[in-house]
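Readers should treat all values here as calculations from the given coordinates under stated rules, not as data from a laboratory. This structure is a prediction, so every number in the text was calculated from the model and none was measured. Glycine also receives a Cβ, built like all others from the backbone with ideal geometry; neighbour counts cover every protein chain displayed.
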Amino acid sequence: MSENLDDDIIICRCEDITLSEIRQSIGEGNLSTEEIKRSCRCGMGPCQGRTCMPLVAQELAKITGKPLAEIPLPTFRQPVATISLGALGGGGVDE
Ligand code: FES
């Protein structure tokens, strides 16, 4: 059993990143959501950080003492979605 139960909390369910990994990344000097994203892949899953990045920003605010409003979120890309080759070739939408 972990000494600190919070450490096992999954923050990024797409990339399976725990709170302890986020805290470790911050401890290594990654003090922005963009740096944390690059250091541990948190926010690079199919949802592109829509679920986890607000939680990462909250943890950053807590550890650094900055107001949450001063911690910018990384830019979001469109979520991954499948598209058929027929639709790409102009054949219309598959049923
Ligand atoms: S929950 Fe982190 S990228 Fe989806």
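What is the angle, in °, between the Cα long axis of helix 53-64 and the longest principal axis of the Cα atoms in the chain? Nearest 10 is fine, range 0 to 90.
Once rounded, the angle reads 20 degrees.
Taking the Cα centre of the chain as the origin, how large is its charge dipole in debye, to the nearest 20, when only Lys and Arg (+1) and Asp and Glu (-1) carry charge on their Cβ atoms? The partial results should precede the final answer.
On the way: 9 positive and 14 negative charges, 69 e Å.
Here the size comes out at about 340 debye.
Rank by packing, highest mean first: peptides 10-23, 61-74, with packing defined as the count of other Cβ atoms within 10 Å averaged across residues. Intermediate values should be presented prior to the final figure.
Details: 10-23: 18.6, 61-74: 12.6.
Answer by packing, highest mean first, reads 10-23, 61-74.
Against the 2.2 N^0.38 Å scaling, with N counting residues, where does segment 10-89 land? I'd like the Cα-based Rg ratio to two decimal places.
On the way: Rg = 14.5 Å, N = 80, 2.2 N^0.38 = 11.6 Å.
That ratio works out to 1.25.
If you stretched the chain out fully between residue 50 and residue 28, how much longer would it get, using 0.36 nm times the residue separation minus the C-alpha to C-alpha distance? Please report the intermediate quantities before stating the final value.
Working: separation 22, 0.36 × 22 = 7.92 nm, distance 2.38 nm.
Here the segment from residue 50 to residue 28 would lengthen by 5.5 nm.
Report the gain in length on full extension from residue 69 to residue 7: 0.36 nm times residue separation, minus Cα-Cα distance, nm rounded to one decimal.
Values: separation 62, 0.36 × 62 = 22.32 nm, distance 2.47 nm.
Here the segment from residue 69 to residue 7 would lengthen by 19.8 nm.
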